[in-house]
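Please read the structure below before turning to the comments.
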Amino acid sequence: MSAVIQLDALSKDYFTDAGAVSVLKGVSLTISRGEFVAIMGPSGSGKSTLMNILGCLDIPSGGAYRLDGTDIGTLPESELARLRGQVIGFVFQGFNLLPRMSLGNNVALPLVYQHVGKSERLTRAADMLSRVGLGHLVDSLPTRISGGQQQRVAIARALVTRPSLILADEPTGNLDSHTGREIMELFQRINREQGITLVLVTHDMSVARYAQRLVYLKDGVLAYDGPVAEFQGVTA
């Protein structure tokens, strides 16, 4: 199975008045097409920095990151923007919906930047809303629906560009436990039925268990990489 994500000795340093701070230290990792991977680690472990690099929002200080075989370190910002808009779908803890825009138009918005025609934009948006169980609310406003429904809309928006990779950062963080389970079951279904590679950051082991594989960072180092069911914690 081909690799969607390949990290080779990835490092990330930030420079402050007190000197250099190493956030990621030689992380090597391969994620194959169609995998569902959870990234965990304590505060300051580097997981958010890693997610920013995976999303082409930041670039590594050393090592290499290949996305679908392309070394992102060699790309200009215009090409990184294209990858963010077409290859990667983002789902965040905050739903980031425009309150005065219908759900259909919220979902269709990424297609505007791809210069997709209005009719096709709205057709694809309605289809994606149907896939997440909200097809009947295409003309509703975000202020008229629940938090769980808003997160479903955010997932539909991430899917509408037909990405090969979805990155989700604490996607259940603003939801109650019941709604969080519904969202994670939806992610599982998307991964299983559409074969989209799914990588999520979470601090919650009950959320991570929906993934097939767990990557655990500690102090910027890869401390565990394996089946979620076999993870026994990291003490060293």
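Derivation of every value follows stated rules applied to the coordinates shown; laboratory data play no part. Worth saying up front: this structure is predicted, and the values here are computed from it rather than measured. Quick reminder, even Gly has a Cβ in these numbers, built from the backbone with ideal geometry, and neighbours come from all protein chains shown.
Rounding to the nearest 10 and keeping the result within 0 to 90°, find how far the Cα-based axis of helix 103-112 lies from the longest principal axis of the chain.
So the inclination is approximately 60 degrees.
Hey, what angle do you get for helix 77-86 against the long axis of the chain, alpha-carbon based, 0 to 90 degrees rounded to 10?
Roughly 50 degrees between the two axes.
If you take every residue apart from R121 with its C-beta less than 12 Å away from the C-beta of R121, what net charge results, scoring Lys and Arg +1 and Asp and Glu -1?
That works out to +1.
Hey, fewest Cβ within 10 Å first, where do F92, F15, F36 land in order?
Going from least to most buried by this count: F15, F92, F36.
Could you list, bin by bin from short to long, the percent of Cα-Cα pairs of the chain in 5 Å steps?
Answer for the chain: a P(r) of 1, 6, 14, 18, 19, 16, 12, 8, 4, 1, 0, 0 percent.
Less than 13 Å Cβ to Cβ from V221, Lys/Arg counted +1 and Asp/Glu -1: what total charge do the surrounding residues give? Can you show the working numbers first?
Values: positive: K12, K25, K47, K218; negative: D219, D225.
Taking every Cβ under 13 Å from that of V221, the sum is +2.
Helix 147-159 sits at what angle to the longest principal axis of the chain, using alpha carbons and giving 0 to 90 degrees rounded to 10?
80 degrees
Sorted from largest down, what three extents in whole angstroms do the Cα atoms of segment 93-162 have along their principal axes?
30, 20, 20 Å, listed from the longest principal axis down.
Whose amide H sits under 5 Å from the amide H of G63, counting only residues 5 or more places off or on another chain, with H placed in the peptide plane?
Here S11 satisfy the definition.
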